[in-house]
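All remarks here apply to the structure that follows.
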């Protein structure tokens with residue numbers, strides 16, 4: 001795994017290795033990450049990554065949030081609770097030298113969490129596949145005040161997802177086994 005664009009392009013991220021079988025670590029593949037950022041940078045719902053406030057739910061290794069930081073996001077908050085994932089996330093933030101632009105919340109992403117930053121304008125959501133956790137995590141983030149009106153959500157799952165209440169579908173794409181649903185939070 002590596003960062004594929006921006007100031008940190010080419011930076012190798014920590015190897016997942018065997019990971020933690022119970023955690024089911026499944027980092028977003030480089031080619032899928034590249035495709036996601038190509039969609040975000042073009043098309044009908046262009047997203048301004050430069051200066052964005054990013055929320056990375058079920059952050060795992062942090063590859064999506066770190067990719068956004070590499071491309072000029074102002075700050076990324078990573079929400080993760082898995083022990084192995086947290087160790088990899090900490091190592092990747094250190095490798096990227098982004099400690100001053102990153103916050104790690106060691107929490108369950110499906111429960112409201114403390115939020116002291118401006119609301120996120122770009123949200124990455126990559127829950128364990130097939131467990132129905134994505135909509136719950138979006139609800140928890142909304143309850144926490146962590147998602148700005150108009151924010152774009154990039155939701156990776158094993159199948160296409162329906163937008164929960166308060167969100168509008170922008171697009172759906174599929175790359176291999178990854179189904180990515182793009183949403184926008186409705187205005188308040």
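Taken together, the values in this text are just the output of simple stated rules run on the coordinates, not laboratory data. It should be emphasised that the depicted structure is a prediction, and the values quoted were computed from it without experimental measurement. Neighbour counts run over all protein chains shown; Cβ positions are idealised from the backbone, glycine included.
What is the gain in length, in nm to one decimal, between residue 169 and residue 188 on full extension, counting 0.36 nm per residue of separation less the C-alpha to C-alpha distance?
Full extension of this stretch gives 5.2 nm more.
What value, in deg cm²/dmol to 500, does the helix sum -39500 (n - 2.57) over DSSP H runs of n ≥ 4 give at 222 nm once divided by the residues of the chain?
-7500 deg cm²/dmol
In whole angstrom, how far apart do the alpha carbon centroids of the range 137-162 and the range 72-136 sit?
Between the Cα centre of the range 137-162 and that of the range 72-136, the gap is 13 Å.
State the three equivalent ellipsoid semi-axes of the chain, derived from the C-alpha gyration tensor as the square roots of 5 times its eigenvalues, in descending order and whole Å.
Semi-axes (√(5λ), whole Å): 21, 18, 17.
For the range 1-135, give me the percentage of DSSP beta bridges that are antiparallel, rounded to the nearest 5 percent.
Rounded to the nearest five, the antiparallel share is 5 percent.
Return the distance in nm (one decimal) between the two label points of a simple spin-label model at residue 129 and residue 35, each offset 7 Å from Cα along Cα→Cβ.
1.3
Roughly what would the spin-label model give for residue 91 and residue 158, points 7 Å off Cα along C-beta, in nm?
About 2.7 nm, to one decimal.
Given N residues in the range 37-107, what is its alpha carbon radius of gyration divided by 2.2 N^0.38 Å?
1.10
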